[in-house]
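The values are calculated or read from the model by the stated rules, or taken from the named source; none is laboratory data. Everything numeric in this text was worked out from a predicted model, so none of it was measured. Cβ sites come from the backbone with ideal geometry, for glycine too, and all protein chains shown count toward neighbours.
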Amino acid sequence: MLNILKTRIQQKYRTHSFPNAEPVLPANFAGRPRLDSEKCVPDCHKCASLCPAGAIEAKNGKISLDLGRCIFCRQCEKACSAGAIKFSQEYSMAVNSAQKLIVKDSEFELAERMRDDLLKMFGRSFNLRQVSAGGCNACEADTNVLNTPLFDLSRFGIRFVASPRHADGLLITGPVTQNMLLALQKTYDAVPEPKIVIAVGACAISGGLFRDNAEVSNGAANLFKVDLFVPGCPPSPWTILDGLLRLLDRR
Amino acid sequence: MKKPVRLRNGSLVGLDQIEVFTNEEFYSLAADHFAEGLRLLAYFAMNVSHEKHLFMLLADDENGQVEILRSKTKSHMLSLADKIPAVVWFEREMHEQYGIEFAGNHWLKPVRFSSAPERKGLPGVTDYFSVEGSDVHEVAVGPVHAGIIEPGHFRFQCHGEKVLHLEIELGYQHRGLEKMLFGAPYKNSRWLVETIAGDTSVGHATAYAINVENLAGFKVTAEAEIIRAVALELERLANHTGDLGALAGDVGFLPTASYCGRIRGELLNLTGLICGNRFGRGLVCPGGTGWNIPTGLKEELLKRMQTIEKDLIGAVELLWNNAGVMARFDDTGILPKEDAIAVGMVGLAARACGCGIDSRTTHSYGAWQRFKPVISTERSGDVFARASVRWKEIKESFRLIREMLKSRDGFSGEASVEIGELRPDNFAVSLVEGWRGEICHVAITDVNGKFRYYKIIDPSFHNWFGLALVLRNEEISDFPLCNKSFNLSYCGHDL
């Protein structure tokens, strides 16, 4: 018993004061990319042809990048000697609709809070059921980590629950495999209305690297109305947490 | 009869150099060599005109060699299940993928329910091995589980609280990944292999890179090999730490569960320091590494490791000193060594049963030829043994990373040159000891030097059946603890 108490003191208080303080991310962290088509070399298109996820479109001298497909591998940034694509340290990138995932030269619209009537219901107690539908366990792991003392998710009133019947929404990861389709649909149906759907990671948003493979359904947005899209492969836990808090009007 | 070809880990052989044995020779060579102590690594089929060629890879752990047996058939083979129990899963897989019948294999049930070549039902809505009689009942768990984990279905045949049999049915995570590598290397291939099992990104990326480099006749630098090895050990550290915490959580010992959860994150952050991604995405690539470890970063890693190790020792020592925890770990979920060998267990789960196999040592490659790990084993084969092996390996990984990082001022492994075309009509094999165990990748090239076939065996493919075995005659309430003590990959199995 004494040892347990001694260790408790040694382990210290570790919970981050986010969102009041900003997290420190590693220098090489690939956050939201910034595009500047002005710098593009005419007819170069190197970024688009190199992208392993087919996330970049280059036409008429304009480039755009679909964060819903991007795996943040930085191959485009590396290949662009003109500097038209730069990955920033900005970890906030969750949005409310698929169109808003398309990064262009202009401003980026981050996720807004949920509807007032929903916020009244879920604002202080938001229970989610997580379903992995073909996820590789990276998105799952970086969602699960939110329950550890550093993030301490429950201080925001957000909890992951075991039963869909106890949930206010689903947090889906993975490209939605054909073999998980039925189970995912049943889980969705079991969540009482009104419900929120959150797609975490490139796979859940668009199918990611598995897009258009016959074994998958190109993500959750193909099946349900998705309220929050969290890009990444996998997204940083800070990106996921930031998105959840924006939805709950805490950011 | 000719002798079968033997390879070293990370080497290759011309496809035409691999002897094609008659079915009878194939059966007897496989059975004899397994009986002599060779271990089943892989067993798969490949289309060759109108026939199927079968390749069986056996590991000779004593001599650090991989033996390749090859035979061919139109559609019918004999099952080797009674001689080599470990083949059962592979035969089921080949039946599902290529329609080969294995006479003597009692139930060639699909392992993944893939849509190709044709869908044979869905996992969870098929028949199961069942037990009948009064008071016998069935418990179905999954695919959607209580926590944030991947989907799988567990069907228990119980008598009261006692489990008579557990059938583990997977396939929910099947993404058709292997097929996406046929015809590769493509521009997405190196990124795709990192998602075979996201928690083993470095392990699988390394196995893939080794195959591509060997086929291209490309030698990576010693510095790149060290960066890869450091990343592999960081991956091991993070996952083992997370597992020890989760094991503590499953027996209701919350202090260690809570501390290890946080410390795991700190370890992932070390990988994040190197490449910006906590799972090591983009760190390992054919030709070298995507990132360097310059002097300043090296010092930072060493400094942070010191604090992390101290915190971790404090958190984990609580486990071993708590009688309640030990009472739950001891004698729960025992896998005897002879069963582990028969079903072909690998990795930490095998080492916990006393099997001294660790491909970093027994099939040494890359940096491991210089920095030799001590193989950590236990004998009892229970939850305690699997926890204890993790802890021994954590300590060993800290030692290895320090030794490797201190061997130079800094490390530059960034791939800067094209590695060139792959040799046509060759067969390459690589074994990498991921944190769960041995990862085996086999690449076979066509006349144009593209992958005609790519085979991935995640350690989970061997080990899931081990979990089913330990549940026999256990209380059903011990399932979560037993499951966590293996912590196998669903998508690594389902690909």
>> Can you find a residue that is more than 10 Å from chain B (Cβ to nearest Cβ), outside any helix (DSSP H, G or I) and either touching a Lys or Arg at 6+ places or on another chain (Cβ under 9 Å) or at pLDDT below 90 (or both) anywhere in region A:4-18?
In response: no
> Of all residues in region B:225-273, which are surrounded by fewer than 24 Cβ atoms within 10 Å (Cβ to Cβ), over 28 Å from B:I293 (Cα atoms) and under 24 Å from the mean Cα position of the chain (by Cα)?
Replying inline: B:A246, B:D250
> Any chance region A:74-91 includes a residue that's under 24 Å from A:K225 (Cα atoms), part of a strand (DSSP E or B) and either modelled with pLDDT of 90 or more or touching a strand residue (DSSP E or B) at 6+ places or on another chain (Cβ under 7 Å) (or both)?
Replying inline: no
> When region B:357-377 is examined, which residues are found to be more than 10 Å from B:N9 (Cβ to Cβ), in contact with a Phe, Trp or Tyr (Cβ under 9 Å, 6 or more places away or on another chain) and among the small types (G, A, S)?
Replying inline: B:S376
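Just to be sure I understand, how many residues within region B:426-441 are in contact with an Asp or Glu (Cβ under 7 Å, 6 or more places away or on another chain) and surrounded by fewer than 24 Cβ atoms within 10 Å (Cβ to Cβ)? Give the steps one after another, and end with the answer.
The first filter runs over region B:426-441 and keeps only residues in contact with an Asp or Glu (Cβ under 7 Å, 6 or more places away or on another chain), leaving B:431, B:433, B:435, B:439.
Add one more test, that the residue is surrounded by fewer than 24 Cβ atoms within 10 Å (Cβ to Cβ), and what stays is none.
So the answer is 0.
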> Among (1) closer than 24 Å to B:F479 by Cα; (2) part of a helix (DSSP H, G or I), which single condition is B:G252 missing?
Replying inline: (2)
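How many residues does region A:19-43 contain that are facing chain B (nearest Cβ under 10 Å) and not small (G, A, S)? So that I can check it myself, show each step before the final result.
Filtering region A:19-43 for residues facing chain B (nearest Cβ under 10 Å) gives A:24-31.
Going one step further and asking which of them are not small (G, A, S), we end up with A:24-26, A:28-29.
Residues flagged as facing chain B (nearest Cβ under 10 Å) and not small (G, A, S) within region A:19-43 amount to 5.
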> When you go through (1) in contact with a Lys or Arg (Cβ under 9 Å, 6 or more places away or on another chain); (2) buried (at least 18 other Cβ atoms within 10 Å of the Cβ); (3) in contact (Cβ under 8 Å) with a residue 24 or more places away in the chain; (4) more than 14 Å from every other protein chain (Cβ to nearest Cβ) one by one for B:S71, which number turns out not to apply?
Replying inline: (1)
> If you go through region B:161-182, how many residues are closer than 16 Å to B:P151 by Cβ, among the acidic types (D, E) and away from chain A (no Cβ under 14 Å)?
Replying inline: 1
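Conditions tested, residue by residue: (1) crowded, with 17+ Cβ neighbours inside 10 Å; (2) among the acidic types (D, E); (3) touching a residue at least 40 places away in the same chain (Cβ under 8 Å); (4) in the same structural domain as B:F253 (by TED's automatic domain parsing).
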| residue | (1), (2), (3), (4) |
| --- | --- |
| B:D330 | no, yes, yes, yes |
| B:I334 | yes, no, yes, yes |
| B:I341 | yes, no, yes, yes |
| B:G347 | yes, no, yes, yes |
| B:D358 | yes, yes, yes, yes |
| B:I375 | yes, no, no, yes |
| B:G381 | yes, no, yes, yes |
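How about region A:174-183: which of its residues are within 7 Å of another protein chain (Cβ to nearest Cβ) and assigned to a helix (DSSP H, G or I)? Lay out the reasoning, then the answer.
First, pick out the residues of region A:174-183 that are within 7 Å of another protein chain (Cβ to nearest Cβ): A:175, A:177-180, A:182-183.
Listed by number, the residues that qualify are A:Q178, A:N179, A:M180, A:L182, A:A183.
Do the conditions hold for B:V144, that is, is it in a loop (DSSP other than H, G, I, E, B), over 26 Å from the mean Cα position of the chain (by Cα) and not assigned by TED's automatic domain parsing to the domain that holds B:N487? Even if it seems obvious, please write down each step before you answer.
On the way: in a loop (DSSP other than H, G, I, E, B): yes; over 26 Å from the mean Cα position of the chain (by Cα): no; not assigned by TED's automatic domain parsing to the domain that holds B:N487: yes.
So B:V144 does not fit the description; no.
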> Taking helices (runs of 4 or more DSSP H) that fall entirely within region B:376-491, which contain at least 1 residues that are basic (K, R), under 25 Å from the mean Cα position of the chain (by Cα) and at pLDDT 95 or above?
Replying inline: B:383-405, B:479-486
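Would you say B:P151 is within 19 Å of the chain's Cα centre (by Cα) and either part of a helix (DSSP H, G or I) or not assigned by TED's automatic domain parsing to the domain that holds B:R423 (or both)?
Details: within 19 Å of the chain's Cα centre (by Cα): yes; either part of a helix (DSSP H, G or I) or not assigned by TED's automatic domain parsing to the domain that holds B:R423 (or both): yes.
Considered against the rule, which asks whether it is within 19 Å of the chain's Cα centre (by Cα) and either part of a helix (DSSP H, G or I) or not assigned by TED's automatic domain parsing to the domain that holds B:R423 (or both), B:P151 comes out as yes.
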>> Suppose we keep only residues that are surrounded by fewer than 19 Cβ atoms within 10 Å (Cβ to Cβ) and on the phi > 0 side of the Ramachandran plot within region B:105-158. Which one would you say is farthest from the other protein chains (Cβ to nearest Cβ)?
In response: B:G133
> So B:S189 clears everything in (1) modelled with pLDDT under 90; (2) out of contact with any strand residue (DSSP E or B) (no Cβ under 7 Å at 6 or more places or on another chain) except one condition, right? Which one?
Replying inline: (1)
>> Here are the criteria: (1) touching a strand residue (DSSP E or B) at 6+ places or on another chain (Cβ under 7 Å); (2) surrounded by fewer than 24 Cβ atoms within 10 Å (Cβ to Cβ); (3) closer than 21 Å to B:I401 by Cβ. Tell me which single one B:N214 does not satisfy.
In response: (3)
> Which condition does A:K186 not pass, out of (1) buried (at least 23 other Cβ atoms within 10 Å of the Cβ); (2) touching a helix residue (DSSP H, G or I) at 6+ places or on another chain (Cβ under 9 Å); (3) assigned to a helix (DSSP H, G or I), if it passes all the others?
Replying inline: (1)
> B:P459 is checked against (1) within 17 Å of B:A209 (Cβ to Cβ); (2) buried (at least 22 other Cβ atoms within 10 Å of the Cβ); (3) of a type outside the set (A, V, I, L, M) and fails just one. What number does that condition carry?
Replying inline: (1)
